[in-house]
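One structure below.
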Protein chains: 2
Amino acid sequence: MRNLTLAAALAAAILATTAPLPAHADEGMWRPSQMPQLAAQLKARGLQMDPAALSNLAGKPLDAVISLGGCTASFVSPEGLVVTNHHCGYGAIQYNSTPERDLLKDGFVAASFADELPADPNARIYVTQEISDVTAQVVEGLDGMDGKARFDAIDAREKALVAACEEPGGLRCNVYSFNGGLEYSLIRQLEIQDVRLVYAPPESIGKFGGDIDNFEWPRHTGDWSFLRAYVGKDGKPAPYAKDNVPFQPKSWLTVSQQPLQAGDYVMVAGYPGRTNRYRLASEVQDAIDWSHPESVAYFKDYLAEIERTTAGDKAAALKYASTVAGINNALKLYQGQLDGFAQMDDPVGMKRAREDALKQWLATRGEAGKAQVAALAALERELAAAEATRERDRWFPSVASGGLTGTAVSLYRNAIEQAKPDAERESGYQARDAARLEGRMKSMDKRYDASVDKALTKLRIERYLAQVPAASRVAELDAWLGIGPNDKSVADLDARLDALYAGSKLGDEAVRLQLLKADRATIEASDDPALRFAVQVMPALLRLEGEGEAREGRISALRPQFMQAMIDFNASQGRPVYPDANSSLRITFGTVRGYSPRDAVQMQPFTTLAGIVAKTTGEDPFITPQPMLDAIASGEGAQYRMAALGDVPVNFLSDVDTTGGNSGSPTLDAKGELVGLLFDGNYESLSADWIFNPDLTRSIHVDARYMRWVMDEVDHAERLLEEMGLPHD
Amino acid sequence: MRNLTLAAALAAAILATTAPLPAHADEGMWRPSQMPQLAAQLKARGLQMDPAALSNLAGKPLDAVISLGGCTASFVSPEGLVVTNHHCGYGAIQYNSTPERDLLKDGFVAASFADELPADPNARIYVTQEISDVTAQVVEGLDGMDGKARFDAIDAREKALVAACEEPGGLRCNVYSFNGGLEYSLIRQLEIQDVRLVYAPPESIGKFGGDIDNFEWPRHTGDWSFLRAYVGKDGKPAPYAKDNVPFQPKSWLTVSQQPLQAGDYVMVAGYPGRTNRYRLASEVQDAIDWSHPESVAYFKDYLAEIERTTAGDKAAALKYASTVAGINNALKLYQGQLDGFAQMDDPVGMKRAREDALKQWLATRGEAGKAQVAALAALERELAAAEATRERDRWFPSVASGGLTGTAVSLYRNAIEQAKPDAERESGYQARDAARLEGRMKSMDKRYDASVDKALTKLRIERYLAQVPAASRVAELDAWLGIGPNDKSVADLDARLDALYAGSKLGDEAVRLQLLKADRATIEASDDPALRFAVQVMPALLRLEGEGEAREGRISALRPQFMQAMIDFNASQGRPVYPDANSSLRITFGTVRGYSPRDAVQMQPFTTLAGIVAKTTGEDPFITPQPMLDAIASGEGAQYRMAALGDVPVNFLSDVDTTGGNSGSPTLDAKGELVGLLFDGNYESLSADWIFNPDLTRSIHVDARYMRWVMDEVDHAERLLEEMGLPHD
């Protein structure tokens, strides 16, 4: 499953830097505004609508494509019915499940609007309304500023743009940086706050194959769920209220009734989170040699610690269940990327060759070219400098994040930031963030157990001690640990951690909420040992943050030059360049297509109901509900079959270019009609976040015919089929 | 690898009983005499020669198809050049390898006749000369005899037929039973005793993929080697002598120069060892519930004991290397059969349904039908009775076989048998067997280490104690162990075994060879503890042997009736029946064809040189010689490429029906020309020894174009290409 939420957060935490390279003919997460440029290619692949229509955010199909914050979804009825993945609706299903009424296990079909169940109050639906180019406003007059000043200026301008754009009660704005800061967009989204659960198949369908099949093909997962957007009676976003009414979107997707076949055109519109396609060779090298192996080893130890400390403690195990699932997902992602790199013929060399080609071309471009070559060299130097302190920059902040120490640091930081005018506060501590911060402080209990967290903190401290060279050790943390910069261990570490966890009151929700209102002096005067830790290490955190921002500021002056050179170089060969994914709306297109993972093995692009029966063992995650087995055996729903297959298609492959965050994205056919939902990629696609291999990279979709077959023949969600204007038995 | 030698011997030792069921349209190991009956089917599949030619043992191609005793081979030149698998020529390569000149590792190409190397003196080439039906001579007058008398009569008649047929100096005869004793054939073969090694690729080509790829597809193994048959100057078989001359066969196969494609007709002629296609449902049940799981568990414990006892002892480990390889092969075979059964939808029920259909049909056939139904019921009773003592019949003889105890038993038995006239001696102890028995006594040292053997004997004794119910325990063995029939353990077992191994002199070759000439009284008077064991348990061995022979005699009166009923039943539906494999010459035909092992996965029928490069890791068994990598990289030998593949085909799949013993068989095209060598089956084919599934069962062949490419571009065996009349660069 490509659940952006955790994987991308981890990736962001772990990878400090950012950068670019040219596009294959077969890849691309395009900005909607680029579609007209691609008209010839779109037509060649089979698009049967005006490419210009794919640039129009205010019209069908794009205005029906919405974000759940970490997942994508789409409107499929005039009454605000939303379809997304099962794993994207998971929170809403889990929130409504109790031991007595286990919706995860049994599934749920609301019989009427009144039966639709409110999701977690934090659930949101974001409807993109406008994307405006604010590059000029952000970058004007930056030249000549040093790194920190440049960073701060960009930050302040972004915040000002957001503040001017947002409106209380339903409009949320964000500035997105494209191509490493070459361009900036202000994106305004409607923020719907009343989200309800309408329909989810049982987990045995929606999560069929579970972790075993995750990132694998062949696949047989019914990864869909249905939500509904509700608004106040005035039609404006409002928190949950019983008498809110269904939101009426301007557009909604039509579910295709045409048979999708191998070789057919498909496209996916959605919110891909993050890719690294334009990284420099040195950054790829660092990922292969250091940061990825480091992550894989850490994730394994992290999982082992959780397993050890929750053994025999069901309650603690449950609190960490979603963390474990997320880490497992990330582990497979990182290991998959390493495996992918290992399978490639010299990935670093590929990037290096492209940089060399770029430099050769720039050498023919006079002074402008010379300046770009110099910028590239300067960028290389910045990246090399960052590498010099990579161990410190990774492991010191990790000790001060997550669980008890992270909560203390957040509370102290909040007090520091609240003393500033709102516009000057650090992101995450502004007025607009207050509700979410409070939510996190409230829900901490659900994913925190002191003895588990203590073991994890110890693991991070040990990593810090083992990995960070003496020259870059952090005096404040060493002081807190009671050691000198050359000490590789802390004699009384267990006792220190015991005292920290035994003495702190931050495990208490009321205490946390009270501290959220406390001022800086109050926190600095506290004798809570977790707050003492936060106070002791905060100067170092702020110092390193400042250093990082200064570097980011310097890089923000260099990477855009590299990207501009790349774009110009590609343009000289007639190739448009798409920016790396940044959670903004993108379109990717291609065809339904299998692949050959190795000599003499061919993956076919469709799986079947017969394949579900063959995989079913009766043991989790390969359980199939008996009514479904009966429906398959009796051949019900023959109208959903695909002639070439002689069976109902379950999942299918395409060569569209997607990543985490695309989960739940509508898969559209040549006419822009819904033929499935994107929910995963094959194992070989994991390394495509860095280097796209058109022979091996495949996206995995659930086929709309399978959705309809289950809804019609097994789950009896006829009400929804009718709402979508679809026939049923 | 389908090496018959060990796997079939183990299977024969483990499975005490024998039986039948009707043929699919897509399966069949046909007797050459059946080919004209199959003319329509052969033509439909694409055969472009007269089917009658495939019945003619004295003409091309069949008289070029020869046996190596456990493997198949074929003549490919008028000078007695023989091609077979690398794993079939393995003994000859190993025999000529030394640490200084490691032919296994480096490969070997004889530059001239004079450079060809003599194989192990036990190596043989058998050329089938005549197959005559001797059913009447074997079965005449058997009616009314009781089980033991019937067994003895058949045994005596077979021996008499063999004795009358064989001629010293080169003609060997055997009686083969078909369809459970419904028919008997006397087969006369020329026995060529001077076999020489001509060419073998390095193991990195010939065994590429090793145990990991064994029984797997996709496959990239260059599993061929070339031998040559030599005879005396008079043209008659003779032991090795320097001035022997190449044998001149009447026929030899032509190597095809036509491009073989997917869907093309292919056939394989060879000597398949043993199948169980006509077993009754109860026998399949027994295999699934008891005998196979028992074998798998035993093989695992056996391997663990060898690993434990040879740890740190390189010399001992080397002695057991081939045993370990063989047991691993058998373990994969048995586990694969169990996996195959588990994947089938009720294999026992399938057999039962066919027996029920047969019975229904027989019910319409009057008195004759009634008699056959009664015979089937009687057969079922015999099999049920055999099941009642299956633990004893398996584990008691195992204690008295193999290693030290087995050698003692063989020596004592030999002395007993030598006292009888030759014609009455037990098979294996007749004059014609003397040389092989002596050879085994000589070569024992190469595969025997006392401390390892002691652990294995202990393992077998423990199995006997744990598995055999008190009611069927063997008093003689219990007495030797010093326990009563209800004792489940032997307090001083280690001490007893220590005394046995410390006291016996049978580890000494001279002692064994001397005892091979000793008479019964001498052995009975010996105080060698291993011989004391043999003398003590021999009465039980002979008693159980007699009981087994009596049962076999009774079954030999019943199973032919069942098979006759099967044949009649199938004939009534226009379907010919082939007999189970019995190491006699058979032909199987089909097409080059891939398969789908699971939903959405398609195995293509050809692998490529590019696939070798992709699999090459540089670590055994995935090493590729640098000259070969260079030849691939430079695209040498483009004339061997297959257009549809754009590469040289390496291995290919077909749906022909083969099993262990078929290794090395020539794969022939529609014109009877050589297009490859059969060397293995896919994992899904393992259970085909019992139930053939035409969707999943595939044979694996090495493509003659790959052989020629390696010979031409890498190993430079141009002399042989010329001898086979083939062009080269």
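Odds and ends about this structure:
- Qualifying aspartates and glutamates (Cα of each under 15 Å from Cα of residue B:105; at least 8 residues distant if same chain): B:203, B:223, B:619, B:620, B:715
- Restricting the trypsin sites (Lys or Arg not before Pro) of segment A:190-291 to loop positions (DSSP other than H, G, I, E, B) with no more than 16 neighbouring Cβ atoms within 10 Å leaves A:233, A:242, A:250.
- Projecting 7 Å from Cα along the Cα-to-Cβ direction, the label point of residue A:324 sits 3.7 nm from its equivalents in the other copies, listed shortest first.
- Dipole of segment B:572-714, positive end: most advanced residue of B:656, B:622, B:685 [Cβ charges, Cα centre]: B:656
- Cβ charges +1 (Lys, Arg) and -1 (Asp, Glu), total dipole of the protein assembly as shown, debye: 260
- Relative to the compact-globule estimate of 2.2 N^0.38 Å, the Cα radius of gyration of segment A:272-380 comes out at 1.56.
- The distance between label points at residue A:57 and residue A:639 comes to 3.9 nm (points 7 Å beyond Cα on the Cα→Cβ vector).
- For segment B:553-645, radius of gyration divided by Kirkwood radius, i.e. Rg to Rh on alpha-carbons: 1.24
- Between residue B:619 and residue A:614, the FRET efficiency estimated from the beta carbon spacing at R0 = 41 angstrom works out to 0.75.
- Alpha carbon convex hull of segment B:619-729, volume per residue in cubic angstrom: 146
- For residues of A:599-610, the mean tally of beta carbons on other chains within 10 Å: 6
- Cα lying deepest toward the dipole's positive end in the protein assembly as shown, options B:501, B:416, B:85, charges on Cβ: B:85
- Euclidean distance between Cα centres, segment A:663-729 to segment B:57-103, Å: 56
- Per-selection metrics, chain A (Cα): Rg and Dmax in Å: 25.7, 75
- Label-to-label distance, nm, for residues given as residue B:435 and residue A:102 (7 Å Cα→Cβ offset): 7.2
- Residue A:368-residue A:156 FRET efficiency (beta carbon distance; Förster radius 30 Å; 0.05 resolution): 0.50
- The residues B:227, A:161, sorted by heavy-atom accessible surface at 1.4 Å with ligands and nucleic acids left out, run A:161, B:227 from largest to smallest.
- If R0 is taken as 30 Å, the Cβ-Cβ distance between residue A:49 and residue A:115 corresponds to a FRET efficiency of 0.25.
- Note: relative contact order over chain A, using C-alpha pairs below 8 Å and six or more positions apart, is 25 percent.
- For the rotation that carries chain A onto chain B, the axis lies closest to a Cβ at A:602, 2, where the number is the distance in whole Å.
- Considering only A:303, A:523, A:217, and ranking their Cα positions along the charge dipole of chain A that arises from unit charges at the beta-carbon of Lys, Arg, Asp and Glu, the one farthest toward the positive end is A:523.
- Reference-scaled alpha-carbon Rg (2.2 N^0.38 Å with N residues) for segment A:358-495: 1.49
- Gyration tensor (Cα) of segment B:161-200, equivalent ellipsoid semi-axes in angstrom: 27, 16, 4
- Spatially proximal lysines relative to residue A:351 (Cα-Cα < 21 Å; intrachain offsets below 8 disregarded): A:359, A:370
- Loop-located trypsin sites (Lys or Arg not before Pro) in segment A:333-416, at most 16 other Cβ atoms within 10 Å (DSSP): A:365
- Net dipole in debye of chain B [+1 Lys, Arg Cβ; -1 Asp, Glu Cβ; about Cα centre; nearest 20]: 980
- Along chain A, counting only GluC sites (Glu not before Pro) with a DSSP assignment other than H, G, I, E or B and at most 12 other Cβ atoms inside a 10 Å radius, the longest segment between sites is A:141-618.
- Across the copies of the chain, residue A:435 has label points (7 Å from Cα along Cα→Cβ) spaced 9.6 nm apart, shortest distance listed first.
- Other copies of residue B:620: label-to-label distances in nm, shortest first, labels 7 Å along the beta-carbon direction: 4.4
- For the protein assembly as shown, taking the reciprocal of the average inverse distance between every pair of different Cα atoms yields a Kirkwood hydrodynamic radius of 37.2 Å.
- Whichever lysines have a C-alpha closer than 26 Å to that of residue B:420, once near sequence neighbours (fewer than 8 apart) are set aside: B:148, B:159, B:442, B:517
- A Stokes-Einstein calculation at 37 °C with viscosity 0.692 mPa s, built on the Kirkwood radius of segment B:281-563 over Cα pairs, returns a diffusion coefficient of 153 µm²/s.
The values are calculated or read from the model by the stated rules, or taken from the named source; none is laboratory data. Quick caveat, the model's predicted, so the values are computed rather than measured. Backbone-built Cβ (ideal geometry, glycine too); neighbour counts: all protein chains shown. Accessible surface is based on the protein model in full, side chains and every heavy atom, while ligands, DNA and RNA are left aside. Shrake-Rupley method; radii C 1.70, N 1.55, O 1.52, S 1.80 Å.
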